Amino acid sequence: MTERHDKEMYKSVTVRFSYVDEDHGDLLQKLSEESERRHVSKNKLIIECIKEHYAILESGQSQKLDNMMQEIKETLNQELQKVKEDMRKELYQDVIRVLMEEFLSKRTPGESAGTKEEYAGVERNGDCRCK
């Protein structure tokens, strides 16, 4: 199959180098030297440079996205740990509160630290262990 080289097969883009701008002059010189050294057209070198440029951009965007996702993950993990710690504290406080309420509800006013069962046993047996 032979290649067609007519105008319908290509889209032209013009690259202009300024004789006044030193950077342009340097780039044009490098482009000419590279073209001669590698025996490829300047057009092909320009296309290679454009491909490389966009590959680097896409790679950079991908890396930025990965970094952003990692930061989000770390932030979410920190928030999750904070929520877990808060829940743990609240749970301990609730358990202590319930135990204290249960303990205090079994005591009669003026009763000391002993439990009702200890006092009930003393009253039934008449056995007083106090000295």
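Can you tell me how many residues within segment 30-85 are among the hydrophobic types (A, V, I, L, M, F, W, C), within 20 Å of ARG16 (Cα to Cα) and either assigned to a helix (DSSP H, G or I) or in contact (Cβ under 8 Å) with a residue 40 or more places away in the chain (or both)?
Number of matching residues: 6.
Restricting attention to segment 43-72, which residues are closer than 30 Å to GLN29 by Cβ and polar (S, T, N, Q)?
ASN43, SER59, listed by residue number.
Just to be sure before I move on: is LYS89 in a helix (DSSP H, G or I), surrounded by 10 or more Cβ atoms within 10 Å (Cβ to Cβ), out of contact with any Phe, Trp or Tyr (no Cβ under 6 Å at 6 or more places or on another chain) and at pLDDT 95 or above in the structure I sent? Write out each step before concluding.
Values: in a helix (DSSP H, G or I): yes; surrounded by 10 or more Cβ atoms within 10 Å (Cβ to Cβ): yes; out of contact with any Phe, Trp or Tyr (no Cβ under 6 Å at 6 or more places or on another chain): yes; at pLDDT 95 or above: yes.
When the stated conditions are applied, LYS89 passes them.
Restricting the search to segment 92-120, which residues are basic (Lys, Arg) and at pLDDT below 85?
LYS106, ARG107, LYS116
So for segment 4-11 (the condition being at pLDDT 90 or above, surrounded by 10 or more Cβ atoms within 10 Å (Cβ to Cβ) and not basic (Lys, Arg)), does at least one residue qualify?
No.
Identify the single condition in (1) surrounded by fewer than 10 Cβ atoms within 10 Å (Cβ to Cβ); (2) outside any helix (DSSP H, G or I); (3) at pLDDT 90 or above that SER18 does not satisfy, given that it satisfies every other one.
Exception for SER18: condition (1).
The values are calculated or read from the model by the stated rules, or taken from the named source; none is laboratory data. Being a predicted model, the structure only gives us computed values, none of them experimental. In this analysis, Cβ positions are derived from the backbone assuming ideal geometry, glycine residues included, and neighbour counts consider all displayed protein chains.
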